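*Asks:* Attaching a single structure in structure tokens format; questions to follow.
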Amino acid sequence: MLSVNAIDAFYGETQALFDASIEVGSGESVALLGANGAGKTTMLRSILGLTPARSGTISFDGKDITRTPTHEIARAGIGWVPDDRRIFPTLKVKTNLSLGKKKTRFRAWTESDCFALFSALEYLLDRDCENLSGGEMQMVAISRALMGGPGLILLDEPSQGLAPKLVQDVLNAIERLKAEGMSVLVVEQNALSVLAVTDRVYVLDKGQIVFSGPSKQLLDDA
Ligand code: ATP
């Protein structure tokens, strides 16, 4: 579904990714781990065309998207849940959700599909987003991305700042998305939790991929 081949990415003269390659298969969930500043968010930004790869190639769903503008990448079916969630705070939950709607060749989730993923969401629809807790905002951010009909969803540190019970809800959601046949690429620092719910893992260190393998292999390695 996604193939990132030997990309280099820069912020000005600062190189953030070096010859980095990752793949996400159809219906596969993949974790991208690494310390602060390792380049995890940059990998997502390069896939989305926000920090375009200076060399190397990126393809999605059989098409080269290395130089494709971000709005076209979104319409091709890559959904993004950024680490700061980017919810519109003065709008209601239902408005934030409907702003995510668009047509892609993949299945677009309805509000009811999202309620099945996060049961609390149904009772929040008329709330202004500025009054939501961090966990509630995360539910809105994930649901809004799903309503955009992604074939691949990119989750940037979805458990960041959440209470342990809510972290579990997010991890359960990742498992459910995979069960629905969606491809998932999840960036996390919470390594143990995310390894338990993903198929494969890549580890980034100082902009380079230093490990790739089954999540279970890394989970079992003290
Ligand atoms: P974290 O877990 O802390 O979010 P990360 O693994 O996502 O880290 P990135 O945010 O991708 O790491 O950053 C990779 C490198 O690029 C870091 O050295 C960072 O300082 C640098 N960097 C990121 N954004 C910018 C920017 N806008 N301008 C300049 N350098 C940047």
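The values are calculated or read from the model by the stated rules, or taken from the named source; none is laboratory data. In this text, all values refer to a predicted model and were calculated from it rather than measured experimentally. In this analysis, Cβ positions are derived from the backbone assuming ideal geometry, glycine residues included, and neighbour counts consider all displayed protein chains. Remember, those area values only see protein heavy atoms, side chains included, never the ligands or the DNA or RNA. Shrake-Rupley method; radii C 1.70, N 1.55, O 1.52, S 1.80 Å.
*Asks:* Just to confirm my filter: which helices (runs of 4 or more DSSP H) fall fully inside region 108-208 and include at least 1 residues that are within 28 Å of Ala53 (Cα to Cα)?
*Replies:* The helices (runs of 4 or more DSSP H) meeting that bar are 134-147, 164-179, 191-195.
*Asks:* For residues that are closer than 16 Å to Phe10 by Cβ and away from the ligand (no atom under 13 Å from the Cβ), tally how many sit in region 29-52.
*Replies:* Qualifying residue count, region 29-52: 2.
*Asks:* Follow-up. Do you know which residues across region 25-55 are small (Gly, Ala, Ser), part of a strand (DSSP E or B) and open to solvent by less than 10 Å² (accessible area, probe 1.4 Å)?
*Replies:* Selection gives Ser29, Ala31.
*Asks:* Going through region 56-80 one residue at a time, which ones are over 21 Å from Arg107 (Cβ atoms) and in a helix (DSSP H, G or I)?
*Replies:* Listed by number, the list holds a single entry, Thr70.
*Asks:* Output the number of residues of region 139-180 satisfying the condition of being closer than 16 Å to Phe118 by Cα and among the acidic types (Asp, Glu).
*Replies:* Total satisfying the criteria: 3.
*Asks:* Let me ask another. In the list Thr68, Thr110, Thr104, which residue meets the criterion of being open to solvent by 10 Å² or more (accessible area, probe 1.4 Å), among the β-branched types (Val, Ile, Thr) and over 20 Å from Gly181 (Cα atoms)?
*Replies:* Thr68
*Asks:* OK, next. Could you identify the single residue in Ile58, Ile22, Ile78, Ile73 that is closer than 13 Å to Ile209 by Cβ and either open to solvent by 40 Å² or more (accessible area, probe 1.4 Å) or within 17 Å of the chain's Cα centre (by Cα) (or both)?
*Replies:* The match here is Ile22.
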